[in-house]
Every structure is written in C-alpha cells, then in structure tokens.
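Data block below; observations after.
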Amino acid sequence: MTESLASPPGPHPPGALTGRVALVAGATRGAGRGIAVELGARGATVYVTGRSTRGRRSEYDRPETIEETAELVTAAGGRGIAIVADHLVPEQVEAVVGRIDAEQGRLDVLVNDIWGAERLFEWESPVWEHDLDKGLRLLRLAVETHAVTSHFAVPLLLREPGGLVVEMTDGTAEYNASRYRVSFFYDLAKSSVLRMAFALGHELGPRGASAVALTPGWMRSEIMLDAFEVTEATWRDALVKQPHFAISETPSYVGRAVAALAGDPERARWNGQSLSSGQLAGVYGFTDLDGSRPDAWRYMVEVQDPGRPADATGYR
C-alpha cells in the first residue's frame, strides 16, 4: 500500500474523527491496513490486531507486521496501537476489548476484516473434491472470527450512541446472490459475512448503532501485487497478464469508504445494507490515491462477466 495520502480524501478533512476510537480486527495488510491508515488520517485512535509481528510470522509467512500498521496510522495523523491477537481464541479477543475499555472507555467503530485464508481455498473445486480441513479452517477464519469479535466488542460499541460495525467481505449481496464465488467454502464464507451484517443491523439499529457489509473491488493488496510480480508503482504492467486488472484499486480506497461512513452523522441510513467502495465514492466524493473513482462491481457486471474486451473507460 502507498504510505502517503496522494489525493484529497473527500468531504471529511483531517481531524474529522478526532476523539473517535476504532478497532480494525485483521489489520496486518490489505484492506485492514488501508482502513486503519485512513481512519488515522482523520485523527482517530485506531487499535489494530493481527498475528504477524516483527518477532513472529503467521502461517502466511509474509513480511507485513501489525506493528508496522500501527506506525502507519500514527504517521498518517492518528494514533495507532498494535495488539497481537488470534481472533479464533475468545480469551484473546476479550482481552483486546478489555484493554480498549480500560484505556479509552469507548469504541466508536468496529471493522471485522479478519480473513487469512488465501492459501486455503481451491478454485472451482466442488465440496467433495476440496480439501476438507482447509475448507473448514477457511470457514473458521472468515466467519467464526467475526462472530467472536462482535460478541465481545459490540457491548462497548453500544456504550455511546452512533456506533458503526463494518463487516468486510468480497462481493455485494446483489452480485453474490446469483453468482458462484470461487468454491463452495469461499462462497459460503463471503455470503455468511454479508448475512452477518444484515443480522447485526437488526440487532444494533434499535439500540442506536449501525452495521454494514462492505466490499472493495479488485484490490491491489500486497499479496495481489506479488502474485502479478508488480509493485504499486508498476501495477499497470500486470495488464499484460490480466487486462481487467485495469479496474483495480488500492487498499486506501476502501479505507476512505470506511472513514466516510464513520464521519457521516447520518450513517444509520445504511444500516443492514451491503455496500461497495465504488458505490460509496459516488455518494461521498472521495477518490483513490490517483484521483480516480473505480466502480469495480459495475464493471464486472457490464464488462468482465459478459466477456467483453477489457476497457475501464467510464468505470474509474
């Protein structure tokens, strides 16, 4: 992810979230890191959790660390606080929330971005051929972690009115409803998170808080850039291998979507809904780092899925 803010973030200036406290669960890299940094850029105190530290890597065995994410939050203008935690261990999650309560006495934004399963799903493998242990662990990482985190964090979030829960997923409810997503286990995981936001919306709405599901488009995460053997500076070189990558976006884009939601005094209007980064950019006016507004899910429906030649004109 590009570490600096290269374009105006939109309608909510630096300092707009000063005094707000956020927990971004699963913030070591990718969308979680992008979200944490953009919340920090608007002055929020952001607790970030993950399993990869400077002293020990998770099974991903990648260089990104949760300490680095916290430092990027602080450098962006907020206050970043790293906590090492495995969200499959209830006692660790309870301790995270207990620390936030002790240090801040409030929680305004909860982002459930825990995933960690890129190496577990098998593309287009039916359930009877997919490795069962990998599939079940994928579900635990993608679904159980979110439920555990909400169980412990939501009571603190409800202490002050206006709290926001963001469930990160892949695909909008409309898109996923009629399309097979990768494999049985992947499809089930992403659909479950969408439904989780819907259910949370029903439970939080009457209590003065809101929940949404949010998806980025084709995101240029650290893992994706490595897969294409490019960097953020050279990402367009990947178009030779995959022309539709032209619609891709940085993790900062979905981060700005979360920051815009958190800064919107009328965010309850979105309660229970499924949203995308491109959709919210059109509403709130923020851009990606290059000043564009990619609308990946409209592009996929109108260009990529029908098999038309790659052309992002009019979609970013």
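Key figures for this structure:
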{"read-out": "Unique residue being modelled with pLDDT under 95, in contact with a Pro (Cβ under 9 Å, 6 or more places away or on another chain) and small (Gly, Ala, Ser) when the list is SER178, SER183", "value": "SER183"}
{"read-out": "Qualifying residue in segment 280-303 (condition: closer than 21 Å to LEU204 by Cβ and buried (at least 18 other Cβ atoms within 10 Å of the Cβ))", "value": "yes"}
{"read-out": "Selected residue (only one of THR215, THR234 is among the hydroxyl-bearing types (Ser, Thr, Tyr), closer than 17 Å to LEU289 by Cβ and modelled with pLDDT of 95 or more)", "value": "THR234"}
{"read-out": "Total residues in segment 11-36, condition among the hydrophobic types (A, V, I, L, M, F, W, C) and within 16 Å of SER277 (Cα to Cα)", "value": "3"}
{"read-out": "Subset of segment 118-159 that is surrounded by 22 or more Cβ atoms within 10 Å (Cβ to Cβ) and polar (S, T, N, Q) - its residue that is nearest to PHE184 (Cα to Cα)", "value": "THR145"}
{"read-out": "Segment 188-201, residues that are under 19 Å from TRP123 (Cβ atoms) and either in contact (Cβ under 8 Å) with a residue 60 or more places away in the chain or within 17 Å of the chain's Cα centre (by Cα) (or both)", "value": "ALA189, LYS190, SER191"}
{"read-out": "Residue in segment 78-90 that is more than 18 Å from the chain's Cα centre (by Cα), among the small types (Gly, Ala, Ser) and closer than 27 Å to LEU261 by Cβ present", "value": "yes"}
{"read-out": "Residues of segment 61-98 satisfying the condition of being part of a strand (DSSP E or B) and under 25 Å from GLY19 (Cβ atoms)", "value": "ARG79, GLY80, ILE81, ALA82, ILE83"}
{"read-out": "Qualifying positions in segment 186-236 - of a type in the set (A, V, I, L, M), touching a Leu at 6+ places or on another chain (Cβ under 7 Å) and buried (at least 18 other Cβ atoms within 10 Å of the Cβ)", "value": "ALA189, ALA209, ALA211, VAL212, ALA213, LEU214"}
{"read-out": "Scan of segment 103-123 for residues that are modelled with pLDDT of 90 or more, in a loop (DSSP other than H, G, I, E, B) and under 13 Å from the mean Cα position of the chain (by Cα), ordered by number", "value": "ASP113, ILE114, TRP115"}
{"read-out": "Pairs where the first residue, in segment 81-95, is closer than 21 Å to GLU67 by Cβ and free of Cβ contacts under 8 Å to residues at least 12 places away in the same chain and the second is of a type in the set (A, V, I, L, M) and surrounded by 15 or more Cβ atoms within 10 Å (Cβ to Cβ), C-beta under 6 Å, 6+ apart", "value": "GLN92/ALA85"}
{"read-out": "Tabulated pairs, segment 25-49, first closer than 21 Å to PRO90 by Cα and without any contact (Cβ under 8 Å) to a residue 60 or more places away in the chain, second outside any loop (DSSP other than H, G, I, E, B) and among the polar types (S, T, N, Q), C-beta under 8 angstrom, 6+ apart or interchain", "value": "THR28/THR69; VAL48/THR69"}
{"read-out": "Enumeration of residues in segment 292-313 that are part of a loop (DSSP other than H, G, I, E, B) and farther than 17 Å from LEU280 by Cβ", "value": "ASP305, PRO306, GLY307, ARG308, PRO309, ALA310, ASP311, ALA312, THR313"}
{"read-out": "Conditions (1) in contact with a strand residue (DSSP E or B) (Cβ under 9 Å, 6 or more places away or on another chain); (2) free of Cβ contacts under 8 Å to residues at least 60 places away in the same chain; (3) closer than 21 Å to GLY171 by Cβ; number of the one not met by ARG269", "value": "(3)"}
{"read-out": "Residue within segment 284-291 that is under 16 Å from the mean Cα position of the chain (by Cα) and farther than 25 Å from PRO13 by Cα present", "value": "no"}
{"read-out": "Output for segment 36-67, where each listed residue is more than 20 Å from GLY15 (Cβ to Cβ), surrounded by 16 or more Cβ atoms within 10 Å (Cβ to Cβ) and out of contact with any Ser or Thr (no Cβ under 8 Å at 6 or more places or on another chain)", "value": "THR49"}
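Here is a yes/no grid of residues against (1) over 20 Å from ASP226 (Cα atoms); (2) modelled with pLDDT of 75 or more:
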{"position": "THR2", "(1), (2)": "no, no"}
{"position": "PRO9", "(1), (2)": "yes, no"}
{"position": "HIS12", "(1), (2)": "yes, no"}
{"position": "GLY15", "(1), (2)": "yes, no"}
{"position": "GLY19", "(1), (2)": "yes, yes"}
{"position": "ALA22", "(1), (2)": "yes, yes"}
{"position": "ALA31", "(1), (2)": "no, yes"}
{"position": "TYR47", "(1), (2)": "yes, yes"}
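The values are calculated or read from the model by the stated rules, or taken from the named source; none is laboratory data. Please read all numbers here as calculations on a predicted model, not as lab measurements. Heads up, the Cβs are rebuilt from the backbone with ideal geometry, glycines too, and the neighbour counts pull from every protein chain shown.
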